[in-house]
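In what follows, a single structure is set out as structure tokens and then discussed.
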Number of protein chains: 2
Amino acid sequence: MVPLDLLFNPSSIAIVGASDHTGKIGNTVVFNVLQSKKRRIYPVNPNEKEVLGLKCYPSISSLPEVVDLAVLAIPARLSIGVIEECANVGVPYVVCIAAGFSEIGDEGRALEERLRKTIEGTKTRIIGPNTMGIIAPRSDLDTFFTPLDRSPRPGNGIISVISQSGSVLCGIYEGAEDTGVGISTAIGLGNKVDLNENDFLEYFKDDDLTRCIVLYLESFTDGKRFLDLCRQITPSKPIVAIKVGRTEKGAKAATSHTGALARGSDALTTGVFKQFGVERAYDERDLLDLSKALAYIDHIDGDRIAVLSNTGGFAVIATDYIESKDNGAGLRMANISEEAQKEIMSRTQYFASAQNPVDLTGSVTDETYGEALEILEKEENIDAILILLQLQAPQLTEGLADIVARIVNEGGKPAIVCAIGGSFPRPILRRFEQKGIPSFGSLRPAIWALKALYDRGIYLKRIGAVCE
Amino acid sequence: MVPLDLLFNPSSIAIVGASDHTGKIGNTVVFNVLQSKKRRIYPVNPNEKEVLGLKCYPSISSLPEVVDLAVLAIPARLSIGVIEECANVGVPYVVCIAAGFSEIGDEGRALEERLRKTIEGTKTRIIGPNTMGIIAPRSDLDTFFTPLDRSPRPGNGIISVISQSGSVLCGIYEGAEDTGVGISTAIGLGNKVDLNENDFLEYFKDDDLTRCIVLYLESFTDGKRFLDLCRQITPSKPIVAIKVGRTEKGAKAATSHTGALARGSDALTTGVFKQFGVERAYDERDLLDLSKALAYIDHIDGDRIAVLSNTGGFAVIATDYIESKDNGAGLRMANISEEAQKEIMSRTQYFASAQNPVDLTGSVTDETYGEALEILEKEENIDAILILLQLQAPQLTEGLADIVARIVNEGGKPAIVCAIGGSFPRPILRRFEQKGIPSFGSLRPAIWALKALYDRGIYLKRIGAVCE
């Protein structure tokens, strides 16, 4: 029995506080939930007769069935009574959106304690309070209260996100949508009065639809269980995590935000993350950039990086970033064999360069790029390839994404793509991403992704999960 | 007399190697130059009669006038003869696009030496070879060979860029265009056979249209003169610079790229940059992110930062980034006075927080944001304000940009904006940017910009340019 299955794919949903007035949270949630046609949806509000064309019910008890999930879009002070009703009729999952609990001080803490007591000994589980809820592109579920036009949702993917902050969750999934990265599941934990990060880690541990787990945490609910779960998960699935409260002021801000009581020193967090193979991130971009690389590639077996580029200056910056230990990844530029260099030069302009970094120059074609990549894929002394693109070069087309994806899949050597510029490369980078090649719009995150892949390789060797 | 005026705003331009065939470099350059209607344009090519509707001339000598600028879109081996002709008739400036000089080794180095000799004792000055050329939105000049549809140009602004790499130049100006940042002038130095970074620094030193100078360098042509210029410039104008060759492999890659011979240790570069107030950057994003903050704000007088946000989680991450010395800026969260906190809370929901970071919560309106900002602008113990926005919040509109810009201009306390998300906030961030508020789409560059502003304040105090 896997209990959370029902939460991630409920057959029936009640929205309490449903409203027929556009702009109200209780309206947006009904609208978003309705995007999937496969569920039975029940608006609940004693003051409305109909919401978005659906019959509206006065209460949870008056519904024609016991729903799998109730989403509460009502203020804090009203939530407790409704949750009690949910527990009485046996609703298994409740998403409690309301803020105004432990994050506002003593009064709120007392209210949150009442919430906890309300479900004690019952089968009802709460997500939140003070939460965004859940989106699960895997099952077409969307309980978020952010409007779709302002906050577009990502497609389905292999990354699952657990976040104690709704806005960080937004930052991740909107960033994913914008860059063509898919998300499997995204959960807002909020104040964690009941279900917490460990419950979801436990689920994603054995979940075939999740290849990488992303965490944003303001506090650990149960540090020991958390580490035990990480130890079980990281040998087979990467975890990327932000733990805030790195500074005293940061920890205090977290308390005002979700009532989190940050415990323990930050150095300890760094140490245990390292020991248990959790990749530490520092902001929402990190989370997305590192997790997509880890989700698709998992790890690289060594530190020898080849740079294949058509842009001289960026290749030089990349070289410094790869080799430098000071503001860089501390990896190594691979040696490309004489034969491979000759093969590459025979296909390019005489002013190109086939030493690492390879510079195919601005006059390169899709075909030449592909041929050079094929040559590097066969090189023994290369662990990963950074494909650096100035897609503005007149002879390159978006078809390059298909060529690169085919060659990388056949060759088997990990490759990531980085393309430089503003709006023009964006849709082409999306195409690379959707072909399963981690793709970046600037150099730094691409290099940090390589470093994370290398670090994970080292971790897997250390614990004996892969051969030396 | 300021010699480079004519280069940045020529009355007449010849394009040698002009072509009537779309896709050829010699066609794109003519097309781009023609975007400005105020100049006399002469295509030159003995094999064409007409290019883009203009009469085509067989040679530089056959033109009806001595042009101010000749752009050479011809191969390396043909360039020398044409430059000799330019020198003979007295063309003051030549942009030499061709690659295939010192960056390809001994043969190319000899060719480059011949180029140098060709102009010795003449009044002709060369930009390049191996260069993109110049764009100067200030005077509507565009000699680049990148097509406008693939490589959109920025509007006019107060940042001038000097780059030894064409692709880095592209990265900067396309990034600027994409985010609504203006550029005054952007120059590709290429192999620097004649005009070099120091010539352009000298010009921008006294240039009223440049408030911040951006540099990408693979080598110093004359280190002593460079430092002397920096010493003269940085008291009144910020300089942001990448110097590659931080690692041995990076220096070697630079040699293959522009023939640069990197000299001296990187620690020395770091030291002198610090001494002379040059802000060091590490990639193209850094250059743009730091320079726009420095161009608009110049510096901040202290390290006390207030965070005004409507998004709890990001405010917590920002707090850690601001305070932490380890992967952070090492600045301080300002103390907000009791009175100010009360004033803010009287305008917000009870579950908001007015301690620093201020969290106005997702239900904030433009007006409340403005009122809270006005309160913070009046606080004595705040040196700068980080405005953190989740623009997806239902009651915020793009009009917030106008409100914020007005209040910051009136209040005088420096402020930068950071908005979280994917495609939705992008046009609103552009609007902030165009109102002169440095704006960022993610947290890290915003924090690093604050750090650069603070560091510049410290530098200005150290040299006595501003009061302690």
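On the given criteria, is A:Arg77 within 13 Å of chain B (Cβ to nearest Cβ) and farther than 30 Å from A:Ile172 by Cβ? In short, yes.
Take B:Gly436 and tell me if it is outside any helix (DSSP H, G or I) and crowded, with 20+ Cβ neighbours inside 10 Å. No; evaluated as a whole, the condition is false for this residue.
Residue pairs whose Cβ atoms lie under 6 Å apart, sitting 6 or more positions apart in sequence or on different chains, and linking a residue in the range A:329-343 that is under 12 Å from A:Asp383 (Cβ atoms) and within 14 Å of chain B (Cβ to nearest Cβ) to a partner that is in a loop (DSSP other than H, G, I, E, B) and of a type in the set (A, V, I, L, M, F, W, C), are A:Ala334/A:Ile382.
Within the range B:90-118, restricting attention to residues that are among the charged types (D, E, K, R) and more than 14 Å from chain A (Cβ to nearest Cβ), the residue that is nearest to the chain's Cα centre (by Cα) is B:Arg116.
Residues in the range B:119-133 that are more than 14 Å from chain A (Cβ to nearest Cβ) and either surrounded by fewer than 24 Cβ atoms within 10 Å (Cβ to Cβ) or at pLDDT below 95 (or both): 7 in all. Among the residues of the range A:294-328 satisfying the criterion of being over 21 Å from B:Asn327 (Cβ atoms) and of a type in the set (Ser, Thr, Tyr), which is farthest from the other protein chains (Cβ to nearest Cβ)? The qualifying residue farthest from the other protein chains (Cβ to nearest Cβ) is A:Tyr296. Within the range B:223-255, being over 18 Å from B:Leu290 (Cβ atoms) and within 14 Å of chain A (Cβ to nearest Cβ) holds for B:Gly245, B:Thr247, B:Glu248, B:Lys249, B:Gly250, B:Ala251, B:Lys252, B:Ala253, B:Ala254, B:Thr255.
B:Tyr282 fulfils the conditions (1) among the hydroxyl-bearing types (Ser, Thr, Tyr); (2) farther than 30 Å from A:Ser165 by Cβ; (3) within 9 Å of chain A (Cβ to nearest Cβ) except for a single criterion, (2).
When A:Glu398 is tested against (1) in contact with a Gly (Cβ under 9 Å, 6 or more places away or on another chain); (2) farther than 24 Å from B:Ala260 by Cβ; (3) within 12 Å of chain B (Cβ to nearest Cβ), exactly one condition is not met: (1). Summed over the range A:174-184, residues that are free of Cβ contacts under 8 Å to residues at least 60 places away in the same chain and touching a Leu at 6+ places or on another chain (Cβ under 9 Å) total 1. Within the range A:75-96, is there a residue that is assigned to a loop (DSSP other than H, G, I, E, B), within 28 Å of A:Pro152 (Cβ to Cβ), modelled with pLDDT of 95 or more and in contact with a helix residue (DSSP H, G or I) (Cβ under 7 Å, 6 or more places away or on another chain)? No, the range A:75-96 contains no residue that is assigned to a loop (DSSP other than H, G, I, E, B), within 28 Å of A:Pro152 (Cβ to Cβ), modelled with pLDDT of 95 or more and in contact with a helix residue (DSSP H, G or I) (Cβ under 7 Å, 6 or more places away or on another chain). Restricting attention to the range A:378-395, the residues being within 13 Å of chain B (Cβ to nearest Cβ) and assigned to a loop (DSSP other than H, G, I, E, B) number 6. Residues that are away from chain A (no Cβ under 11 Å), acidic (Asp, Glu) and over 31 Å from the mean Cα position of the chain (by Cα) do not occur anywhere in the range B:355-363. The set of residues in the range B:139-188 being within 8 Å of chain A (Cβ to nearest Cβ), among the small types (Gly, Ala, Ser), farther than 27 Å from B:Arg40 by Cβ and not in a helix (DSSP H, G or I) consists of B:Ser163, B:Ser165.
The values are calculated or read from the model by the stated rules, or taken from the named source; none is laboratory data. The structure displayed is predicted, hence computed values, not measured ones. All Cβ positions, glycine included, derive from the backbone under ideal geometry; neighbour counts span all protein chains shown.
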